[in-house]
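Take a look at the structure set out below.
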Amino acid sequence: MAHHYLIALGSNQRHHRYGAPRKVLAEALNKLDRKGLHLEVASPVLSSEPLGPSNRRYANGVAVVRSKLEPLELLERLQHIERKFGRRRSGQAWRARVLDLDIVLWSGGAYAAPGLIVPHPQFRLRSFVLQPAIAIAPDWRDPISGLTLRQLNFRLTKRLTRPLLLP
């Protein structure tokens, strides 16, 4: 049975062969359309501020892929692609990286196993995931809240633009 996955892509370092982060994402999309993965649609790439200690802006996008792979198998495939791009996991979150691939949602609903939680625990708070996602899959639903990606993005941007009220 084929599953659909929403995959987040990010890069903020050059790659020695592919070049700037936007080109890294373009090549990563090519890798997501091989060996049991079928790229159905990819979002436009946007530029975002880094989280954490990195000083470099990120290129971010999302893609919908179809695959017969189960979530843990897909995670292994994504991590293999990351390693091929030179990613080495250091245990420190939010560091600069050539390529980051995350499973955000899948057509099977919620999923939890050691090393993988779907939906991605932080995606509802990340405009750099939600904004490109609503360009290609606005009606996909978060299986936890039941809200569509469009609704989640509206809630996030509404919260971010509210004036700060001081006592």
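The rows are residues; the columns are (1) out of contact with any strand residue (DSSP E or B) (no Cβ under 9 Å at 6 or more places or on another chain); (2) exposed (fewer than 13 other Cβ atoms within 10 Å of the Cβ); (3) modelled with pLDDT under 90.
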position: Val24; (1), (2), (3): no, no, no
position: Ala28; (1), (2), (3): no, no, no
position: Leu37; (1), (2), (3): no, no, no
position: Val41; (1), (2), (3): no, yes, no
position: Glu49; (1), (2), (3): no, yes, yes
position: Gly61; (1), (2), (3): no, no, no
position: Arg66; (1), (2), (3): no, no, no
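Give me the residue from segment 104-125 that is part of a loop (DSSP other than H, G, I, E, B) and free of Cβ contacts under 8 Å to residues at least 40 places away in the same chain and, out of that set, surrounded by the most Cβ atoms within 10 Å (Cβ to Cβ). Out of the qualifying residues, it is Pro119.
Is it true that Ile144 is part of a helix (DSSP H, G or I), more than 12 Å from the chain's Cα centre (by Cα) and either farther than 25 Å from Gly36 by Cα or among the aliphatic types (A, V, I, L, M) (or both)? It is false that Ile144 is part of a helix (DSSP H, G or I), more than 12 Å from the chain's Cα centre (by Cα) and either farther than 25 Å from Gly36 by Cα or among the aliphatic types (A, V, I, L, M) (or both). The single condition from (1) exposed (fewer than 13 other Cβ atoms within 10 Å of the Cβ); (2) part of a loop (DSSP other than H, G, I, E, B) that Asp33 fails is (1).
The values are calculated or read from the model by the stated rules, or taken from the named source; none is laboratory data. Not measured: the values here are computed from a predicted model. Ideal geometry is used to build each Cβ from the backbone, glycine not excepted, and the neighbour counts take in all protein chains shown.
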